[in-house]
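Chemist: One structure is given below, represented as structure tokens, and several questions about it will come after.
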Amino acid sequence: MGTDVPGTEDAENGAEFGSREKLGGGEEKRAAMGSTSGESDSNKVRTKLRKFLQRRPTLQSLRERGYIKDQIFGCSLQVLCERERGTVPRFVLLCIQSVERRGLDIDGLYRVSGNLATIQKLRYKVEHDEHLDLDDGRWEDVHVVTGALKLFFRELPEPLVPFSHFDKVIEHKEENRMSVQSVAIVFGPTLLRPATEEGTMAMHMVFQNQVVEHILH
């Protein structure tokens, strides 16, 4: 028959409680350390990100190194000419030279539409390759060249008044059937357009054609 020693159970309970208390304290410490470690990692990430952004090259430096090339189509003439350090965009000059070299006597010059898919390929070439050769067999159809040129003018942020190139086109009207009236009809909506599109577009087109025809005369 066993004999219980007074205070033994209380001592055991106290020891067990103390053990649990120590264990719980350890968990709290580990949780606190984990929280501190998480905050430290987050701070490190922020610091690295801040340093990366500070070291990131500027847009201008990327342009100067040739990593970023500004667009040609849709760019304002002032910005484009300043970038190319000229008075006439290089693409426009190349198109005009190509047309005057091999297209002035082609029927429907500027009036006939070139193949749209080929025009878009030419546009892509212009935007991504500095060495553009319009004598390349891919651009053999002069209507593709004129179509790309008209597209360039249509996408200008601001409309443009025509230039003397059209005089040479009109001089060959017996061969290409492009009279002053024909050129005005083709380029009126392209070079002159209202600031906002309204319901009176047909009336605008009449005025545009008349203005261009008057300028060409």
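What follows is calculated from the coordinates using simple rules that are stated; it is not laboratory data. All figures in this text were calculated on a predicted structure; none of them were measured in a lab. Here Cβ is always computed from backbone atoms with ideal geometry, including for glycine, and neighbour counts include all displayed protein chains.
Chemist: Please compute the net charge surrounding residue 76, taking Lys and Arg as +1 and Asp and Glu as -1 over other residues with Cβ under 13 Å from its Cβ.
Modeler: For residues surrounding residue 76, the net value is -4.
Chemist: What do you get for GluC sites (Glu not before Pro) in region 108-166 restricted to DSSP loop and a cutoff of at most 10 other Cβ within 10 Å of the site's Cβ?
Modeler: 130
Chemist: Which of the trypsin sites (Lys or Arg not before Pro) found in region 88-177 are loop residues per DSSP with 16 or fewer other Cβ atoms within 10 Å of their Cβ?
Modeler: Passing both the DSSP loop test and the Cβ count: 111, 177.
Chemist: Calculate the spin-label point distance for residue 47 paired with residue 141, positioning each point 7 Å from the Cα along the beta-carbon direction, and give it in nanometres.
Modeler: Each label point is offset 7 Å from its Cα along the Cβ direction, giving 6.3 nm.
Chemist: Shifting gears a bit: Rule-of-thumb check for region 108-182: C-alpha Rg over 2.2 N^0.38 Å?
Modeler: Rg over 2.2 N^0.38 Å, computed on Cα atoms: 1.18.
Chemist: Loop only per DSSP, at most 10 neighbouring Cβ atoms within 10 Å: give me the chymotrypsin sites (Phe, Trp or Tyr not before Pro) in region 134-190, ordered by residue number.
Modeler: Here no loop site has a sparse enough neighbourhood.
Chemist: Separate question: Could you give the length gained on full extension between residue 121 and residue 82, defined as 0.36 nm per residue of separation minus the Cα-Cα distance, in nm?
Modeler: Once the chain is fully extended between residue 121 and residue 82, it gains 11.5 nm.
Chemist: Something else now. Along Cα→Cβ, 7 Å out, is where each label goes; now give me the distance between the ones at residue 128 and residue 107 in nm to one decimal.
Modeler: Going from the residue 128 label point to the residue 107 one covers 3.6 nm.
Chemist: Ratio to report: Rg/Rh of region 86-215, with Cα atoms as the point set and Rh obtained by the Kirkwood method; give two decimals.
Modeler: 0.96
Chemist: Once R0 is set to 22 Å, what does the formula 1/(1 + (r/R0)^6) return for the Cβ-Cβ distance between residue 174 and residue 100, expressed as a FRET efficiency to the nearest 0.05?
Modeler: E between residue 174 and residue 100, to the nearest 0.05, is 0.85.
Chemist: Turning to a different aspect of this structure: Dipole magnitude of region 77-216 about its Cα centre, charges +1 at Lys/Arg Cβ and -1 at Asp/Glu Cβ only, in debye to the nearest 20?
Modeler: Its charge dipole is roughly 140 debye.
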